[in-house]
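For reference, the structure discussed in these notes is given below.
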Amino acid sequence: MDKPTELPILPVPPAQPGALTPPRCVELNLARLNQLGMVTHDGGRTPVAEDFRIIKRPLLRNARGDNDTPPIRHGNLIIVTSALPGEGKTYCAVNLAMSIAMEMDITVLLVDADVARPSVLRVLGLPPEPGLMDILLRDKTALSDVILRTNVSTLSILPAGRANKHTTELLASRSMSSLLKEIAERYADRIVIFDSPPLLLTTEASVLAAQMGQIVLVVESERTTQHDVKEALRRIEHCPNVSLIYNKSKAFPAGEYYGYYD
Ligand SMILES: Nc1ncnc2c1ncn2[C@@H]1O[C@H](COP(=O)(O)OP(=O)(O)OP(=O)(O)O)[C@@H](O)[C@H]1O
Ligand SMILES: [Mg+2]
């Protein structure tokens, strides 16, 4: 028998500019999230899961329409905001995203738009990653480079990315508007949930909110004053679809939903 021919070792060709990089995948520790009381796929019908099941229904109806009503414009872009820090924006954004990702036929993109104080990845038990800010700062970073797929196949995450001293300007910039347009059009079939900074301490939350189809305003029970709620609503008064979550209420299970503001 002839000696086997030795195949030459070929050098790996350099990546072609513009070649598609496969999306990065991160592993969410669902058991940990479940222990922390968050909504998860196999976490069962907990009170929190039930609350978010009720909260998501009208939002999904607005985003997708139903037999009687057409979808609202950009209804798939939903920002979760509040008047003040610590009211539960991130908690509600993450749980809402998880809950919607549990629907059979819907995929969700969870965006951390609280770029000055990002916390979506931390809450999910993940280290910081490049994201939104990197796209806005660098021409070469594309949306597809920084979106993280997760072990929940219907849930992807766009992290906040690197903190930057021009955060406010970048979030209010024209590049951000065109990025939002790109997200709305490219992911028209997805629900995109944005976690955001508080409305009364920053200007970027209201600038962002103006570009969304739907706004969820979290109101912390027994803490947010009527004055603060009114002032927060005033800052988003140009947005037609606002719903409220009455959060951390002792009278109801966590995240009780109480209706619409038009
Ligand atoms: N319904 C709830 N039940 C139990 N804990 C909650 C609830 N909502 C929020 N929390 C807790 O309250 C704290 C503040 O919530 P969270 O970080 O979501 O607020 P935030 O509005 O995003 O704050 P920031 O403005 O600082 O980003 C967190 O520890 C969160 O886990
Ligand atoms: Mg937050």
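The values are calculated or read from the model by the stated rules, or taken from the named source; none is laboratory data. The structure displayed is predicted, hence computed values, not measured ones. In this analysis, Cβ positions are derived from the backbone assuming ideal geometry, glycine residues included, and neighbour counts consider all displayed protein chains. SASA here: full protein model, heavy atoms, side chains in, ligands and nucleic acids out. Shrake-Rupley method; radii C 1.70, N 1.55, O 1.52, S 1.80 Å.
Hey, could you check the range 49-66 for residues that are among the hydrophobic types (A, V, I, L, M, F, W, C) and open to solvent by less than 20 Å² (accessible area, probe 1.4 Å) and say which is nearest to THR154 (Cα to Cα)?
Within the range 49-66, the match that is nearest to THR154 (Cα to Cα) is LEU60.
Give me the residue from the range 191-228 that is polar (S, T, N, Q) and not in a helix (DSSP H, G or I) and, out of that set, surrounded by the most Cβ atoms within 10 Å (Cβ to Cβ).
Step by step, filter the range 191-228, then rank; the result is SER196.
Of the conditions (1) aromatic (Phe, Trp, Tyr); (2) open to solvent by 60 Å² or more (accessible area, probe 1.4 Å); (3) modelled with pLDDT of 95 or more, TYR261 clears all except one; give me its number.
For TYR261, the failing item is (3).
Can you tell me which residues in the range 83-99 are more than 9 Å from ligand 1 (Cβ to nearest atom) and either closer than 20 Å to ASP228 by Cβ or not aliphatic (A, V, I, L, M) (or both)?
ALA83, SER99
Any idea how many residues of the range 42-77 are of a type in the set (Val, Ile, Thr) and in contact with a Phe, Trp or Tyr (Cβ under 8 Å, 6 or more places away or on another chain)?
Looking only at the range 42-77, we keep the residues that are of a type in the set (Val, Ile, Thr), and these are 46, 48, 54-55, 69, 72.
With the extra rule that they be in contact with a Phe, Trp or Tyr (Cβ under 8 Å, 6 or more places away or on another chain), the set shrinks to 54-55.
Residues flagged as of a type in the set (Val, Ile, Thr) and in contact with a Phe, Trp or Tyr (Cβ under 8 Å, 6 or more places away or on another chain) within the range 42-77 amount to 2.
On the given criteria, is THR168 over 17 Å from THR90 (Cβ atoms), of a type in the set (S, T, N, Q) and at pLDDT below 90?
When the stated conditions are applied, THR168 passes them.
May I ask you to list the residues in the range 100-125 that are open to solvent by 10 Å² or more (accessible area, probe 1.4 Å) and away from ligand 1 (no atom under 16 Å from the Cβ)?
MET102, GLU103, MET104, ASP105, THR107
What do you reckon, is VAL80 open to solvent by less than 20 Å² (accessible area, probe 1.4 Å), within 11 Å of ligand 1 (Cβ to nearest atom), of a type in the set (A, V, I, L, M) and in contact with a Phe, Trp or Tyr (Cβ under 9 Å, 6 or more places away or on another chain)? Talk me through it step by step, then tell me what you get.
On the way: open to solvent by less than 20 Å² (accessible area, probe 1.4 Å): yes; within 11 Å of ligand 1 (Cβ to nearest atom): yes; of a type in the set (A, V, I, L, M): yes; in contact with a Phe, Trp or Tyr (Cβ under 9 Å, 6 or more places away or on another chain): yes.
Considered against the rule, which asks whether it is open to solvent by less than 20 Å² (accessible area, probe 1.4 Å), within 11 Å of ligand 1 (Cβ to nearest atom), of a type in the set (A, V, I, L, M) and in contact with a Phe, Trp or Tyr (Cβ under 9 Å, 6 or more places away or on another chain), VAL80 comes out as yes.
If the Cβ limit is 6 Å and pairs must be 6+ apart or interchain, which residue in the range 116-135 that is at pLDDT 95 or above pairs with which residue that is within 12 Å of ligand 1 (Cβ to nearest atom) and of a type in the set (Phe, Trp, Tyr)?
Cβ pairs passing all conditions: none.
How many residues are in contact (Cβ under 8 Å) with a residue 24 or more places away in the chain and of a type in the set (D, E, K, R) when one looks only at the range 65-98?
Residues meeting the conditions: 3.
Of all the residues that make up the range 191-203, how many are closer than 11 Å to LEU158 by Cβ and at pLDDT below 95?
Summing the residues that are closer than 11 Å to LEU158 by Cβ and at pLDDT below 95 in the range 191-203 gives 0.
Can you tell me which of LEU148, LEU143 is of a type outside the set (Ser, Thr, Tyr), crowded, with 17+ Cβ neighbours inside 10 Å and within 24 Å of GLY213 (Cα to Cα)? It would help to see each step written out before you state the result.
Numbers: LEU143 fails: crowded, with 17+ Cβ neighbours inside 10 Å.
Being of a type outside the set (Ser, Thr, Tyr), crowded, with 17+ Cβ neighbours inside 10 Å and within 24 Å of GLY213 (Cα to Cα) holds for just one of LEU148, LEU143, which is LEU148.
Of the numbered conditions (1) charged (D, E, K, R); (2) within 16 Å of ligand 1 (Cβ to nearest atom); (3) free of Cβ contacts under 8 Å to residues at least 24 places away in the same chain, ASP195 satisfies every one except a single condition; which is it?
Only one criterion is unmet by ASP195, namely (3).
Run GLY161 past the list (1) open to solvent by less than 10 Å² (accessible area, probe 1.4 Å); (2) at positive phi; (3) of a type outside the set (S, T, N, Q) and report the number of the one that doesn't hold.
Going through (1) open to solvent by less than 10 Å² (accessible area, probe 1.4 Å); (2) at positive phi; (3) of a type outside the set (S, T, N, Q) one by one, GLY161 breaks only (1).
For (1) touching a Pro at 6+ places or on another chain (Cβ under 9 Å); (2) over 26 Å from ALA83 (Cβ atoms), each residue gets a yes or a no:
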residue: ARG122; (1), (2): yes, no
residue: LEU137; (1), (2): no, yes
residue: SER144; (1), (2): yes, yes
residue: LEU148; (1), (2): yes, yes
residue: ASN151; (1), (2): no, yes
residue: SER156; (1), (2): yes, yes
residue: GLU182; (1), (2): no, yes
residue: ARG190; (1), (2): no, yes
residue: ASP195; (1), (2): yes, no
